[in-house]
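Here's the structure, in structure tokens; my notes come after.
The values are calculated or read from the model by the stated rules, or taken from the named source; none is laboratory data. All of these numbers come straight from a predicted model, not from anything done at the bench. Here the Cβ is made from the backbone with ideal geometry for all residues, glycine too, and neighbour counts use every protein chain on show. We work out accessible area using only protein heavy atoms, side chains counted, and drop any ligands, DNA or RNA first. Shrake-Rupley method; radii C 1.70, N 1.55, O 1.52, S 1.80 Å.
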Amino acid sequence: MRVLFIGDIFAEPGLRIVSRHLPDIRDGFDVVVANAENTAGGLGITKAAYRRLREAGVDVLTLGNHAWDHREVYELIETEPIVRALNFPPGTPGRGWWRVEAAGESLLICQVMGRLFMDPLDDPFRGMDALLAEQQADCVLLEVHAEATSEKLALARYLDGRVGAVLGTHTHVPTADAEVLPGGTGYQSDVGMTGTYDGIIGGEVQSFLGRFLTQRPTRFRAQEGPARFHATALTFERGRCKSIEPYRFDEPV
């Protein structure tokens, strides 16, 4: 099974490059997953952004700490292939996993959010234990939406051999540590942002600088500019990762 995971898609530049580039490479993958929590101007997701990604060829969308920034998400999350962190408290709308069938196998796509330097949620380690005990699939792809590399890698080591891959998101910076762990789990600390790198992690330079220079809240604005498509390509056989390779495409200027 060939899977492409697209890193945090940020605002219009990210949507634009996915809409233009993904159809050209879509046939090379059985399943395409994308983090879409920053698609609506950098904060949250809307129905319009959801439709653009689905039309481009994305099969399953994941969210993160900006999951609830637009109320439109509540009209999507109960029925559409959208995954929010499974370690939100019981009773949270939506689900923390989605199952797809492709290439004659089942793939369970799930997400947890980290707790270091982020809002305190339920334990992601025990949450994954519970999910793996309840849900059966030929292969499991876990996204860890977290700040700390140590927490991402700890989850990967904890789950090595029990899931096919652990991919990090949230920090918007691609890491050069893609590898297959001893138990057969593919790992990368952060897939990277799909959007423009002309600003500061997708945001306009001045709006971010204002926060650092004055220590006061400033109105957030997304940066415009040419985009980069950052993703990770994975090959799975019998639930184990056989290859993991970062993928990058730069939008022509």
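For a quick check of understanding: with a 1.4 angstrom probe and all protein chains in place, what accessible area in square angstrom does S243 have, to the nearest ten?
50
Enumerate the calculated ³J(HN,Hα) couplings along the stretch 191-196 in order (Karplus 6.51 cos²θ - 1.76 cosθ + 1.60, θ = phi - 60°), each rounded to whole Hz, writing x wherever the residue is Gly or Pro.
5, x, 8, 9, x, 8
At a 1.4 Å probe radius, carbon and sulfur cover how many percent of the accessible area of the chain?
50
In units of 2.2 N^0.38 Å, what is the alpha-carbon radius of gyration of the stretch 1-73?
The stretch 1-73 yields a ratio of 1.02.
If I model the stretch 94-177 as equal point scatterers sitting on the Cα atoms and use the Debye formula, what is log10 I(q)/I(0) at q = 0.12, 0.15, 0.23, 0.24 Å⁻¹?
Summing over Cα pairs of the stretch 94-177 leads to -0.35, -0.54, -1.17, -1.25.
Using a Förster distance of 30 angstrom, determine the FRET efficiency expected from the C-beta separation of S243 and R20, and round it to 0.05.
So, using R0 = 30 Å, E works out to roughly 0.70.
Quick one: of the DSSP bridges fully inside the stretch 129-250, what percent are antiparallel, nearest 5? Walk me through the intermediate numbers first.
Numbers: 16 of 25 bridges.
In the stretch 129-250, approximately 65 percent of DSSP beta bridges are antiparallel ones.
Could I have the simple spin-label model distance between I200 and F125, label points 7 Å from Cα toward Cβ, reported in nm to one decimal?
3.4
Along the positive direction of the dipole of the stretch 1-142 (beta-carbon charges: Lys, Arg +1; Asp, Glu -1; about the Cα centre), which of F10, N65, G91 reaches farthest?
Result: F10.
With every atom except the alpha carbons ignored, what do you get for Rg and Dmax of the stretch 19-164, in angstroms?
15.0, 40
Roll a 1.4 Å probe over the protein heavy atoms and report the accessible area of M128 in Å², nearest 10.
0
May I ask you to derive the FRET efficiency for E251 and E75 from their Cβ-Cβ distance with R0 = 22 Å, giving the value to the nearest 0.05? Walk me through the numbers before you get to the answer.
Values: r = 31 Å, r/R0 = 1.40.
According to the calculation, E is roughly 0.10.
Convert 20 °C to kelvin, take the viscosity as 1.002 mPa s, use the Kirkwood radius over C-alpha pairs of the stretch 157-253 as Rh, and evaluate the Stokes-Einstein diffusion coefficient in µm²/s, rounded to a whole number.
For the chosen part, D equals 141 µm²/s.
On a C-alpha basis, how far is the centre of the stretch 71-105 from the centre of the stretch 206-238 in Å? Whole number, if you could?
24
About the Cα centre of the chain, what is the dipole size in debye to 20, counting +1 per Lys and Arg Cβ and -1 per Asp and Glu Cβ, all else neutral?
With only Lys, Arg, Asp and Glu charged at Cβ, the dipole is about 300 debye.
Need one number for the chain: average projected area of the convex hull over its C-alpha atoms, nm².
Across all orientations, the chain yields a mean hull projection of 12.9 nm².
Under a plain spin-label model, where a point goes 7 Å from the Cα along Cα-to-Cβ, how far apart in nm are E179 and K47?
The modelled label-to-label distance comes out at 4.7 nm.
What is the packing order of peptides 73-80, 232-239, taking the mean over residues of other C-beta atoms within 10 Å and listing the highest first?
The packing order, highest mean first, is 232-239, 73-80.
As I understand it, the dipole of the chain uses +1 on the Cβ of Lys and Arg and -1 on the Cβ of Asp and Glu, about the Cα centre. Which of T46, L108, L22 lies farthest toward its positive end?
Of the options given, the answer is T46.
State the antiparallel share, in %, of DSSP beta bridges confined to the stretch 1-131, rounding to the nearest 5.
40
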